[in-house]
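What follows is a set of notes on a single structure, which appears directly below.
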Amino acid sequence: MRKVVKFGGSSVANAQNLSRVVAIIQHAATTDKQIVVVSALGGITDDLLHAAKTASKGDIAYKERLLLIEQRHLETVKQLLPVTQQSSLLSYVKTVCNELEDICNGIYLLGELSSRTQDRVVSFGELLSSKILAAALQSGQLSCAWKDARELIQTNQQFTRAQVDFTTTNNQVASYFTAESHDVVVVPGFIAADVQGNTTTLGRGGSDYTAAILGAAVHAPVVEIWTDVSGMMTADPRLVHSAKVIPQISYQEAMELSHFGAKVIYPPTLQPLLEKNIPVWIKNTFAPEDAGTCITEEGAEEKFVCGISSISHMALLSLEGSGMVGIPGFSKKLFEALANAQINVMLITQGSSEHSICVGIQTALTDQAKEIVDTVFSDEIAAGKLNPLVVEKDLAVVALVGDHMKSHPGISGRMFGALGRNGINVRAIAQGSSERNISAVVAQQDVPKAVNVLHEAFFETVYKQLNVFVIGTGNVGSKLLDQLLQQYAYLMQQMRLQIRVVGIANSRHMLIQEEGIDLQDWKAQLAEAPAMDLQSFVSAIREKNLRNSVFVDVTANDQVAGVYDQLLSKSISVVACNKIAAASNYQHYAYLKDLARAYNTQFLFETNVGAGLPIIGTLNDLIRSGDRVRRIDAVLSGTLNFVFNHYDASRPFADVVQQAQEEGYTEPDPRLDLGGTDVMRKILILAREAGYTIEMEQIDNERFLPEACMQGSVADFYVCMRQHEAHFSALYTAAAAKNTKLKFVATFIDGKAKVGLQQIDPAHNLYHLYGKDNVVLFYTDRYPDQPLVVKGAGAGADVTASGVFADILRASV
Ligand code: ADP
Ligand code: ASP
Ligand code: MG
């Protein structure tokens, strides 16, 4: 009995790789006789096709391509074999390439490329590679023969994708190998012949199938597919970086995965082997010591989802109409029409209302399908019983595959939940009754995201990835980036959360790095990055379409606040330190909250009130658990507290304000704080979060700043304060005379809010506030007399950044 080993295009791409292949075959030869099936050198089939097509278009450039093909093979021979053994192989390569050129010249002259000639042209790839490998093996110790696959595998005349005649093939293979005694027989993959001896091919990727056909015919103990990955993986490794090798998988699961796009095995491959129960191993030529994947009758019991795959470039055809209801035969007619035109149906869904039927096919075939279906149903369409076929393009299927999904409830819930949370719209769903596959049709552009989201949901017990975009790199933004860097390892370890900062922008530059920005030196990188353009930054975030995306606004900019809806409507969470959106008109605030709900995402702004203090979160918890807010008393301006705690009329009021600004406690324009606007916004946001519909204009503001100081620039403001020092010292003296302290208090009672400077006596809850502290007293149904109090530092970059950080973590749930 011989085992069958097949080496793919990348395994034989050049002399260096071929040497590895030789070593693998030699090693195996110590225990087994082998049939070695080989693909063309990687990329050569494409090159051959390209040359033939170029020639058929009357473009002489095919000659250049042929020359490159010849040179690549000659070069490979020269590097692989000792000089003394090269000459016969070099002349073989030249002879074959001349023959190839003759055929291409014919194509060029005729201006025509039939599929039969195309098969003839591409067959040269496997002929050359197999001859080269056989020569390399013969130059070593092994006894090695070369056998033309066209004398073994017989097919029909469906050129480019011929169907195998198994009876003849099995006889030919059995009789050849019965009399064959070499240690190794090398056979070109992919190619076969029809009954007249014309060259046919088995379909792109078909060398795997060659190995399976031969393996089944000789009853091989095992078929090994050697490729460039260490096995069949839980997802396409080019799409999902954390895809893992599946150690063991059933034939059915592997077939399902390959039919749904897992390129590592050509889909028809497993059928002949499954019938004979021959195990298949997927092995890595570049890491032969890796275990690989074993495909047998039994999959791995413990896993209910074994892999995720996708098919791109799909279209949905929907046939709809009241005339379909209850009348048998519509679907038969539809499928017959498609089958007669050789249009493969990849997916079918029909609602139980029978009002419509929906099928998925390859995009390339849609025009043809539309024409056929509309013709077949022309009478029904004319009679108004059916609508003309509706075609939607730019779609793809993502599928979960696993033998044991049927015994586990809740898998589709988890699948669609994960897709929904990431804003991936599912256009159609199909689940076979075997429950081995649940398929979702999504937009083509969502495929990488969908596959990653599902992979994370079903395979990554390791960690969840959060993709963060930070806009604003002032005091708070910089601190936030520091904190994210500092906590990276902790969050990974303790919360299995990987926070990647993918974008950083400020008013000057914007930096985006999909693999995550190195936070050790973001400043230098940002300084080198392209100029900031808000709309491009937002478009990039939307287009990147990364899973679990969070947009973090640490600016005070109204334009930035104006882009939230573009993000929320893409299911991108928004964490805002910026108060402008939450304090804008009620309609806009409600619109953003509704968007977040509708798109299953988060709009969070804890730091809008009291910096890092858990004020909004606490209020949300009260309301959600059924409590009702009766009254709120609060001192909400860290700035005003700082100012009034430091001002005792012994130095100018303006100096104290200056100090507050220098220490980072004020808005860029301190009047937003001192004039009470900032406090108004905060009480407004609290009232809204408590469930009240309220606008800024409805809030009374008993302002203490002289009206004159509200005009002009920030510099003018400082001048004006100095001019009015007497006014400020009078305020202070009056309060001190009564043994009270000045506090700027916000109150919300019975739906009415007001802010203003008050003299607070020592018995009051608000009296003992120091430095930049904030305090909020919630009087509610559950806290009627003794309020629920939240108190602590209510300003400062560090605490604000940590509040933003906490919102980012909340957005990850
Ligand atoms: P060969 O040339 O050896 O036949 P292929 O390129 O046909 O190799 O198939 C191997 C490639 O299949 C891998 O390099 C990988 O990028 C791709 N692939 C797609 N899906 C999967 C999957 N689920 N598991 C492993 N590989 C996959
Ligand atoms: N060389 C062929 C192709 O590229 C067959 C194969 O590699 O399996 O499709
Ligand atoms: Mg392949």
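Is it the case that some residue within the range 170-188 is within 16 Å of ligand 2 (Cβ to nearest atom) and either more than 21 Å from M1 (Cβ to Cβ) or at pLDDT below 95 (or both)?
Checked the range 170-188: at least one residue is within 16 Å of ligand 2 (Cβ to nearest atom) and either more than 21 Å from M1 (Cβ to Cβ) or at pLDDT below 95 (or both).
Have a look at A262, A315 and point out the one that is within 16 Å of ligand 1 (Cβ to nearest atom), buried (at least 17 other Cβ atoms within 10 Å of the Cβ) and under 23 Å from G205 (Cβ atoms).
A262
Suppose the filter is modelled with pLDDT of 95 or more, more than 44 Å from the chain's Cα centre (by Cα), more than 16 Å from ligand 3 (Cβ to nearest atom) and not hydroxyl-bearing (S, T, Y); does N156 pass it?
no
Checking T76 against (1) part of a helix (DSSP H, G or I); (2) away from ligand 2 (no atom under 16 Å from the Cβ): exactly one of these is not met. Which one?
It fails just one condition, (2).
Please name all residue pairs, on different chains or six or more residues apart, with Cβ atoms under 7 Å, provided the first residue is in the range 635-656 and is part of a strand (DSSP E or B) and the second residue is aromatic (F, W, Y).
V635/F744
The conditions are (1) assigned to a loop (DSSP other than H, G, I, E, B); (2) under 30 Å from F458 (Cβ atoms); (3) more than 15 Å from ligand 2 (Cβ to nearest atom); (4) not small (G, A, S), and K283 fails exactly one of them. Which is it?
So K283 meets the others, but not (1).
The rows are residues; the columns are (1) within 21 Å of E180 (Cβ to Cβ); (2) without any contact (Cβ under 8 Å) to a residue 12 or more places away in the chain; (3) away from ligand 3 (no atom under 13 Å from the Cβ).
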{"residue": "S11", "(1), (2), (3)": "no, no, no"}
{"residue": "N17", "(1), (2), (3)": "no, no, yes"}
{"residue": "R20", "(1), (2), (3)": "no, no, yes"}
{"residue": "T30", "(1), (2), (3)": "yes, yes, yes"}
{"residue": "I35", "(1), (2), (3)": "yes, no, yes"}
{"residue": "S39", "(1), (2), (3)": "no, no, no"}
{"residue": "G58", "(1), (2), (3)": "no, no, yes"}
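If A428 satisfies all but one of (1) under 20 Å from the mean Cα position of the chain (by Cα); (2) at pLDDT 90 or above, what's the number of the condition it fails?
Status for A428: all satisfied but (2).
Report the residue count in the range 447-497 for those that are at pLDDT 95 or above and either touching a Pro at 6+ places or on another chain (Cβ under 8 Å) or of a type in the set (D, E) (or both).
Summing the residues that are at pLDDT 95 or above and either touching a Pro at 6+ places or on another chain (Cβ under 8 Å) or of a type in the set (D, E) (or both) in the range 447-497 gives 1.
Just to be sure I understand the filter: pairs with C-beta atoms under 9 Å, separated by 6 or more residues or on different chains, first member in the range 212-239 and in contact (Cβ under 8 Å) with a residue 40 or more places away in the chain and within 14 Å of ligand 3 (Cβ to nearest atom), second member of a type in the set (S, T, N, Q) and assigned to a loop (DSSP other than H, G, I, E, B). Which pairs pass?
Matching pairs, first to second residue: W226/S11; W226/T285; T227/S10; T227/S11; T227/T285; D228/S10; D228/S11; D228/T285.
Pick out the one residue from N14, N105 that is within 16 Å of ligand 1 (Cβ to nearest atom), over 30 Å from P272 (Cβ atoms) and in contact with a helix residue (DSSP H, G or I) (Cβ under 9 Å, 6 or more places away or on another chain).
N14
Within the range 235-252, is even one residue in contact with a strand residue (DSSP E or B) (Cβ under 9 Å, 6 or more places away or on another chain) and among the aromatic types (F, W, Y)?
Scanning the range 235-252, I find at least one residue that is in contact with a strand residue (DSSP E or B) (Cβ under 9 Å, 6 or more places away or on another chain) and among the aromatic types (F, W, Y), so the answer is yes.
I need every pair where a residue in the range 552-573 that is closer than 15 Å to G472 by Cα has its Cβ under 7 Å from the Cβ of a residue that is buried (at least 21 other Cβ atoms within 10 Å of the Cβ) and basic (K, R), sequence separation at least 6 or different chains.
Cβ pairs passing all conditions: none.
Please work out which one of (1) surrounded by fewer than 16 Cβ atoms within 10 Å (Cβ to Cβ); (2) part of a helix (DSSP H, G or I) is the condition P409 fails and give its number.
P409 satisfies every listed condition except (2).
Of everything in the range 64-77, what is exposed (fewer than 14 other Cβ atoms within 10 Å of the Cβ) and touching a residue at least 40 places away in the same chain (Cβ under 8 Å)? Give them in sequence order.
Scanning the range 64-77 gives a single hit, E75.
The values are calculated or read from the model by the stated rules, or taken from the named source; none is laboratory data. Model, not experiment: these values are computed from the prediction. Positions of Cβ are generated from backbone atoms using ideal geometry, with glycine treated the same way; all protein chains shown enter the neighbour counts.
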